[in-house]
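All remarks here apply to the structure that follows.
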Amino acid sequence: MGAHHDDLHDAAEPHGRALRLGIGGPVGSGKTALVAALCRSLGPSLRLGVVTNDIYTTEDADFLRRAGVVDPERILAVQTGCCPHTAIRDDIAANLDAVETLEERFGPLDLVIVESGGDNLTATFSRGLADRQIFVLDVSGGDKVPRKGGPGVTSADLLVVNKTDLAPMVGADLTVMSRDAAAVRDGKPVLFTSIREDRGAHSVAEWVTHMVDAWRREHGEPHHHAVQSAVQSAARQAPAS
Amino acid sequence: MNGDAALLLLADSRLPAGGHAHSGGVEEAVRRGTVTGAGDLARFLRGRLATAGLVTAALAAAACELAAVDSGGSAGRELRAACDPGPPPADDAADGVPLWRRLDAEADARTASPAQRGAARTQGRLLLRTARRMWPSAALDALARAVPEGPHHPVALGAAAASAGCAPRQAALAAAYTSVTGPATAAVRLLGLDPVTVHRLLADLAPALEDTAHVACASLDDAVPADDEPDGCGAGHHQGRQPGRHPERQAAWQAARWHALPGHSAPALDLLAEGHLTNPMKLFVS
């Protein structure tokens, strides 16, 4: 933007704002459970906001509100018109709007989590929306999934393989999953979790904490974007309920 | 440059401005069993174009013209008195903020359903966000300041069109086009209709889209008479006038007859928009 225009809409500008963390993955792999676990673990130490992209309804947002892991006001739901991947990759306008709404209402925030709607293995977040992204698989989807790759599995900053407690029951070989994931991810980290057993997903929370700390070191302490508030004020999307 | 390429970008469904999540009432019509197939959809689209489509086309044309007239500078200062006699902040007076508010209020007055107003403002806010990065301009900045909660979509569309280098007729065409293409795409997704059948419906509507843009511009000529029109509906608001500063147009805007812009109502669309909000399983925002 030219010097004459106070560009208030460039999401790529990272200085002094929260880390934006995208969480994607297939339907039922445990994305919402992971968001809830992260809120449980990180809520006491970080200022959080959450954006959900339900396929329909506000199921995920409602689940998080009921779970009581984060102030319900800090959860916004975005509708995606049958196209969850479009809303996080090709046309991120509604999600950016929701993220900035949270930052304006409750800022400064340390971490804004954007949970995608359940999608397929090709779904990834635009870098205009998420600074870091986690892709969540579960063992019951089949232990061949990491080998199949796809942009979500190969390019996410962290791959989480959830529901390890089910591995014996579904005949999934975690060693195979670990080896295949390492082969396609070029050294990027993989964590195995069972959120049912570890309600705080502590290994993932620790990784996120490192990311937030690194983000803050690089881009400075988050501060409230008051100028933006002046231009785009109150009448934004109300919290879906 | 005549704005044709910019028009393609602006009307493209891939424009990243949040439009993909709006069905224009189709989702609720499907839920109620009003739209069940291609035949119903054809009638729905024709009705939508003749009402909401025409109104938004005229508003977009007006916004495009206004952005061209008032691309910053003194125009707003002199026009302000005609629209908003109260003493404004000095900053606002210089950039046409009162006129943008007035045009947005005209859009509000033509949108009976609160749900539709909300959807129009959400889409307008997201389009403005995208347009300000794609085609930065003083007019878009002024519009953002004038309507901080987000302008109506056709107002944002017209301002974006002007900033992109389009003429009012192209802005009207883009508004008419998006008034039917969004709902058509939503119907494909919701009902599993043959996409070629639905695009055939859109192709059949092409002449009506052109007519709608024409009528929209004619109404703009009535509301804000062009000073160089050869045939009553010509050069003023059509391809002839190119974006840029047109201070000579200030007088015309000062005396604008806002009521000349169409105000067709579509009660069924209003009811569908309100009903949509009560749907606990909705896929689209509107």
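The values are calculated or read from the model by the stated rules, or taken from the named source; none is laboratory data. Values in this document were obtained by computation on a predicted structure and should not be read as measured data. For neighbour counting, all protein chains shown are included, and Cβ atoms are generated from backbone atoms with ideal geometry for every residue, glycine included. Note: accessible area is taken over every heavy atom of the protein model, side chains too, but ligands, DNA and RNA are not part of it. Shrake-Rupley method; radii C 1.70, N 1.55, O 1.52, S 1.80 Å.
Just how large is the dipole of chain A about the Cα centre, in debye to the nearest 20, putting +1 at every Lys and Arg Cβ and -1 at every Asp and Glu Cβ?
Roughly 540 debye for chain A.
Do any residues of region B:13-44 lose at least 40 Å² of accessible area when the full set of protein chains is present rather than just their chain alone, and if so which, with a 1.4 Å probe?
For region B:13-44, once contacts with the other chains are taken into account, B:16, B:20 lose 40 Å² or more.
Share of region B:139-216's accessible area from carbon and sulfur, percent, 1.4 Å?
58
Let's test this: bin the Cα-Cα distances of region A:19-220 at 5 Å from zero up to the farthest pair and state each bin's percent.
1, 8, 17, 21, 22, 16, 9, 4, 1, 0
Would you jot down the residues in region B:252-286 that end up with at least 20 Å² less accessible area in the complete protein assembly than in the chain alone, with a 1.4 Å probe?
Buried-area filter returns B:280, B:281, B:282, B:283, B:285.
Can you give me the relative contact order of chain A as a percent, contacts being Cα pairs under 8 Å and 6 or more apart?
In percent, rounded to a whole number, it is 28.
Label points 7 Å out from Cα along the Cβ direction at residue A:90 and residue A:224: separation in nm?
With each label placed 7 Å out from Cα toward Cβ, I get 3.9 nm.
Please compute the contact order of region A:51-190 in relative form: average sequence separation of alpha-carbon pairs under 8 Å and at least six residues apart, divided by the residue count, as a percent.
With pairs under 8 Å counted, the relative contact order is 20 percent.
Under a crude label model (7 Å from the Cα following the beta-carbon direction), how far is residue A:169 from residue B:32 in nanometres?
With each label point 7 Å from Cα toward Cβ, the separation is 4.5 nm.
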